[in-house]
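Peer 1: To start, I am sharing the structure in question, which I have written as structure tokens.
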Amino acid sequence: MPTLEIEQLLWQNGYRFIAGIDEAGRGPLAGPVVAAAVVFEPGKLIEGVRDSKQLSEKKREALYQVIVNECLAYGIGIVPPEEIDRINIRNATFKAMRKALGAMKQVPDFLLIDGEELPDSLYPQEAIVGGDDKSFTIAAASILAKVTRDRLMREYHLRYPQYHFDQHKGYGTQLHREMILKYGPSPIHRKSFLKKLLGS
């Protein structure tokens, strides 16, 4: 279970507004990459918050609401598939993180990021591999990012029902790959991710 151990050390060192940052959607063949940033009051802990991948969709949705209600500030950043194709997924992920930080009402004084450091960050930061398993704040951000992206993919399903985005959320499942081969790519598919599948 993620704890406040990392945050506690930072609070003791004088940092107050610690932003946890995580993303959802680096790997899918379709849809945007979404990042979330969230800041809590020092000492705040919400029961049940963990890496979003370890939670059911229903539990994530419930925790999303609790996090939004009880955090000090949060921000969401979304980068669409055509931009992912243009600047690559790594740069698109960093862009989504910067957008998420820019959308927050509270300016953070330290960043805890899942994975790797944010290049050219304006704030001191620590990148933690597997951070959504270790840091409560990163885990909360992972839930915000995942729920936001899943909601978007359910909306895309209404527009392009033949791909079943409501089921696989754009990830490269067998069903999804079969539908791409049958119908061709949709406007929300990442063309750079489909080269191998489509042989182009």
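Quick note: the coordinates plus some simple rules give every number you see, no bench work behind them. None of these values were measured; they are calculated from a predicted model. Here the Cβ positions follow ideal geometry from the backbone for every residue, glycine too, while neighbour counts run over all protein chains shown.
Peer 1: Just how far, in whole angstrom, is the stretch 11-60 from the stretch 81-130 if you go by their alpha carbon centroids?
Peer 2: Using only Cα atoms, the two centres lie 13 Å from each other.
Peer 1: Just going by the charge dipole of the chain, with Lys and Arg at +1 and Asp and Glu at -1 on Cβ, which of Ile21, Ala62, Pro81 is farthest out on the positive end?
Peer 2: Farthest towards the positive pole: Pro81.
Peer 1: Which FRET efficiency value, to the nearest 0.05, do you get for Glu57 and Asp120 by plugging their Cβ-Cβ distance into 1/(1 + (r/R0)^6) with R0 = 35 Å?
Peer 2: Values: r = 35 Å, r/R0 = 1.00.
It comes out at approximately 0.50.
Peer 1: For the chain, modelled as a Gaussian network with Cα springs under 10 Å, which listed residue fluctuates most, Pro119, Pro108, Pro81?
Peer 2: Highest fluctuation among the options: Pro119.
Peer 1: Pick from Tyr64, Tyr74, Tyr15 the residue whose mean-square fluctuation is largest in a GNM of the chain, springs joining Cα atoms under 10 Å.
Peer 2: Of Tyr64, Tyr74, Tyr15, the Gaussian network model singles out Tyr15 as fluctuating most.
Peer 1: Antiparallel DSSP bridges in the chain: what percent, to the nearest 5?
Peer 2: Values: 14 of 23 bridges.
Counting DSSP beta bridges with both partners in the chain, the antiparallel share is about 60 percent.
Peer 1: Oh, and also: Counting Lys and Arg as +1 and Asp and Glu as -1, what is the net charge of the other residues whose Cβ lies under 12 Å from the Cβ of Tyr123? Don't jump to the answer; show the numbers that get you there.
Peer 2: Details: positive: Arg98; negative: Asp109, Glu117, Asp120, Glu126.
After counting each charged neighbour, the total is -3.
Peer 1: So the label point goes 7 Å from the Cα of Asn91 along Cα→C-beta, right? Which residues of the stretch 166-198 then have their backbone N under 16 Å from it?
Peer 2: 191-193
Peer 1: Follow-up question, since we're still on this one. Can you classify the stretch 13-118 as rounded, prolate or oblate using the Cα gyration tensor, where a ≥ b ≥ c are the square roots of its eigenvalues, rounded means a/c under 1.5, and otherwise it's prolate if a/b beats b/c and oblate if not? Before the final figure, lay out each step's value.
Peer 2: Values: a/c = 2.13, a/b = 1.33, b/c = 1.60.
It comes out oblate by the Cα gyration axes.
Peer 1: Ok, one more. Looking at the square roots a ≥ b ≥ c of the eigenvalues of the Cα gyration tensor of the chain, which shape do they give, rounded for a/c under 1.5, prolate if a/b is larger than b/c, or oblate?
Peer 2: Working: a/c = 2.44, a/b = 1.80, b/c = 1.36.
Taking the square roots of the gyration eigenvalues as a ≥ b ≥ c, the chain is prolate.
Peer 1: Run the helix sum for the chain: -39,500 (n - 2.57) per DSSP H stretch of 4+ residues, divided by residue count, reported at 222 nm to the nearest 500 deg cm²/dmol. Mind dumping the intermediate values first?
Peer 2: Details: 9 runs with 89 residues, N = 200.
Mean residue ellipticity at 222 nm (helix-derived): -13000 deg cm²/dmol.
Peer 1: Which of Ser135, Ser186, Ser52 moves most in a GNM of the chain, Cα contacts under 10 Å?
Peer 2: In this elastic network of the chain, the residue with the biggest mean-square fluctuation among Ser135, Ser186, Ser52 is Ser186.
Peer 1: Could you work out the relative contact order of the stretch 1-110? I mean the mean sequence separation of Cα pairs under 8 Å and 6+ apart, divided by the number of residues, in percent. List each step's numbers first, then the result.
Peer 2: On the way: 174 pairs, mean separation 38.5, N = 110.
Relative contact order here is 35 percent.
Peer 1: Here's another thing I want to ask about it. Work out the length of the dipole vector of the chain about its Cα centre, built from +1 on the beta-carbon of each Lys and Arg and -1 on the beta-carbon of each Asp and Glu, and round it to the nearest 20 debye.
Peer 2: Details: 27 positive and 25 negative charges, 191 e Å.
So the dipole magnitude of the chain works out to roughly 920 debye.
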